[in-house]
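The values are calculated or read from the model by the stated rules, or taken from the named source; none is laboratory data. Only a predicted model underlies this, so the values are computations on that prediction, with no experimental measurement involved. No Cβ is skipped: glycine too gets one built from the backbone with ideal geometry, and neighbour counts run over all protein chains shown. Protein only, heavy atoms only, side chains kept; ligands, DNA and RNA dropped before computing areas. Shrake-Rupley method; radii C 1.70, N 1.55, O 1.52, S 1.80 Å.
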Amino acid sequence: MKFSDEFRNPRAARVLLAAIADEIDALGATGENPIRIMEICGGHTHSIFRFGLDKLTPDGLEFIHGPGCPVCVLPMSRVDECVTLAERPEVIFTTIGDAMRVPGTSKSLLQAKADGADIRMVYSPLDALEIARRNPGREVVFFGLGFETTTPSTALSIRQAAREGLANFTVFANHIMVPPPIRALLDDPHMMLDGFVGPGHVSMVIGIHAYDFIARDYGKPIVVAGFEPLDLLQSVLMVLRQLREGRSEVENQYSRVVPEHGNPVSLEAIADVYEPRPKFEWRGLGEIEESGLRIRDRYSAFDAEVKFGIGYSAGTRVAEEPDGCACGQVMSGRIRPTACPQFGRGCTPEMPLGALMVSSEGACAAYYQYGGHRVEAAE
């Protein structure tokens, strides 16, 4: 038996689904007045659609898709800055694959590569370090992107570059944090949420107490969840039981992976290399205070913004979304992807207009791939 099979057992799923239905009935939720649970992580969104959990759960439960896709929440202005960097003749620009096709104002990194820019897809910042070692006459820039899950590897790579004195290696830092945008959503009077399914991978690094404010300050339950079908169903059941019992707590369904207090080695590396930015722009949410990370002054030699005079070092600009693109509204949970007028028409995975259709964690990509909406969109 594969380990994952234990978390995809149909019999166990039926037991959990029956228990969820009982809780929904006890709460008096209906299709017209559902319990609204936001899954913060884009990986959870894809699991929900891949395994059809949105169709198996009762009508009285509605999944709201949160801003947990780092590629998706990146504003277009930062993509434009990536292209500007990549098109410098002395630069080798390195990036993860998901970011290659995210549209900027005029082009994506993939289009810039087609136009002749030296852009290379890597699997980790360590790959970028090796490219810098092999190309001492070129400036190697790594596109540091992601939530707390990927931040430690970038921080450790910067420390390694400092130890080696790799003067031709820099990071264009776009690392962001999960808790600040959740607070911003909860402060929005138009955002009606009953509870949260918390991110599993991020919580491996930061632990579960980073979400205490959700329960303490806003009275909303949150359950940190794994990514298999039974993980998600059990987490939803745990949220519903908290609601029925009048509790608001942080619970950890993913305890087999997520330690209560996170990973101390990763947290130390992040604290050493990074500090919070005063503010950072999120697609669909605007600028949120202390939601992004910047490289500390002692490592400024490895900060691409400082070295090349771009981004917040130069004073950022806001780039407007393309006409008809509703990425911001989808990202903030205000509308579903199918409510975007471009979904499946002007915006498809082959020709994306917005980041949510590009990323492997994007809500629009999940709807398009698993939700059975391609036919609907074409009609």
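Per the listing Arg88, Arg134, Arg138, the residue uniquely touching a residue at least 60 places away in the same chain (Cβ under 8 Å) and open to solvent by 40 Å² or more (accessible area, probe 1.4 Å) is Arg88. When the stretch 5-38 is filtered for residues that are under 28 Å from the mean Cα position of the chain (by Cα), of a type outside the set (Val, Ile, Thr) and outside any loop (DSSP other than H, G, I, E, B), the ones remaining, listed by number, are Asp5, Glu6, Phe7, Ala13, Leu16, Leu17, Arg36, Met38.
To keep it simple, each residue is scored yes or no on (1) at pLDDT 95 or above; (2) of a type in the set (A, V, I, L, M, F, W, C); (3) open to solvent by 40 Å² or more (accessible area, probe 1.4 Å); (4) closer than 21 Å to Ile176 by Cα.
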residue: Ile206; (1), (2), (3), (4): yes, yes, no, yes
residue: Ala215; (1), (2), (3), (4): yes, yes, no, no
residue: Ala225; (1), (2), (3), (4): yes, yes, no, yes
residue: Met238; (1), (2), (3), (4): yes, yes, yes, no
residue: Gly246; (1), (2), (3), (4): yes, no, yes, no
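Does Asp22 satisfy being over 16 Å from Ala366 (Cα atoms), of a type outside the set (Lys, Arg) and without any contact (Cβ under 8 Å) to a residue 40 or more places away in the chain?
Considered against the rule, which asks whether it is over 16 Å from Ala366 (Cα atoms), of a type outside the set (Lys, Arg) and without any contact (Cβ under 8 Å) to a residue 40 or more places away in the chain, Asp22 comes out as yes.
Every condition in (1) open to solvent by 30 Å² or more (accessible area, probe 1.4 Å); (2) under 17 Å from Cys69 (Cβ atoms) is met by Cys325 except one, and the failing one is (1).
Within the option set Arg101, Arg36, being surrounded by 15 or more Cβ atoms within 10 Å (Cβ to Cβ) and either closer than 30 Å to Ala314 by Cα or among the aromatic types (Phe, Trp, Tyr) (or both) holds for one residue only, Arg101.
The residue pairs whose first member lies in the stretch 241-259 and is on the phi > 0 side of the Ramachandran plot and of a type in the set (Val, Ile, Thr), whose second member is in a loop (DSSP other than H, G, I, E, B) and modelled with pLDDT of 95 or more, and whose beta carbons are closer than 9 Å, counting only pairs six or more residues apart or on different chains, do not exist in this structure.
Candidates are the residues of the stretch 341-361 that are modelled with pLDDT under 80 and closer than 11 Å to Cys69 by Cβ; the one that is most open to solvent (accessible area, probe 1.4 Å) is Ser360. Please list, ordered by first then second residue, the pairs with beta carbon atoms under 7 Å, 6 or more apart or interchain, first in the stretch 179-204 and closer than 25 Å to Leu53 by Cα and touching a residue at least 40 places away in the same chain (Cβ under 8 Å), second of a type in the set (Asp, Glu) and outside any helix (DSSP H, G or I). As it stands, the answer is Val197/Glu39; Val202/Glu148, since those pairs meet every condition given.
For the stretch 105-112, does any single residue satisfy the condition of being free of Cβ contacts under 8 Å to residues at least 40 places away in the same chain, assigned to a loop (DSSP other than H, G, I, E, B), open to solvent by 10 Å² or more (accessible area, probe 1.4 Å) and of a type in the set (Lys, Arg)? Checking the stretch 105-112: at least one residue is free of Cβ contacts under 8 Å to residues at least 40 places away in the same chain, assigned to a loop (DSSP other than H, G, I, E, B), open to solvent by 10 Å² or more (accessible area, probe 1.4 Å) and of a type in the set (Lys, Arg).
A search for C-beta distances below 7 Å between a residue of the stretch 214-238 that is touching a residue at least 24 places away in the same chain (Cβ under 8 Å) and any residue that is among the aromatic types (Phe, Trp, Tyr) and open to solvent by less than 30 Å² (accessible area, probe 1.4 Å), counting only pairs 6+ apart in sequence or on different chains, returns Ile214/Phe196; Lys220/Phe196; Ile222/Phe196; Ile222/Tyr211; Val224/Tyr254; Ala225/Tyr254; Gly226/Tyr254; Asp231/Tyr254.
Scanning the stretch 58-81 for residues that are open to solvent by 10 Å² or more (accessible area, probe 1.4 Å), in a loop (DSSP other than H, G, I, E, B) and within 19 Å of Leu17 (Cβ to Cβ) yields Pro58, Asp59.
Every residue in the stretch 273-285 that is open to solvent by less than 30 Å² (accessible area, probe 1.4 Å) and touching a residue at least 40 places away in the same chain (Cβ under 8 Å), please. Val273, Tyr274, Phe280, Glu281, Trp282, Arg283 - these are the residues of the stretch 273-285 that are open to solvent by less than 30 Å² (accessible area, probe 1.4 Å) and touching a residue at least 40 places away in the same chain (Cβ under 8 Å). Here Asp54 passes the criteria (1) open to solvent by 10 Å² or more (accessible area, probe 1.4 Å); (2) in a strand (DSSP E or B); (3) in contact with a helix residue (DSSP H, G or I) (Cβ under 8 Å, 6 or more places away or on another chain) except the one numbered (2).
When the residues of the stretch 3-33 are filtered to those that are open to solvent by less than 70 Å² (accessible area, probe 1.4 Å) and touching a Gly at 6+ places or on another chain (Cβ under 9 Å), the one that is nearest to Leu243 (Cα to Cα) is Leu27.
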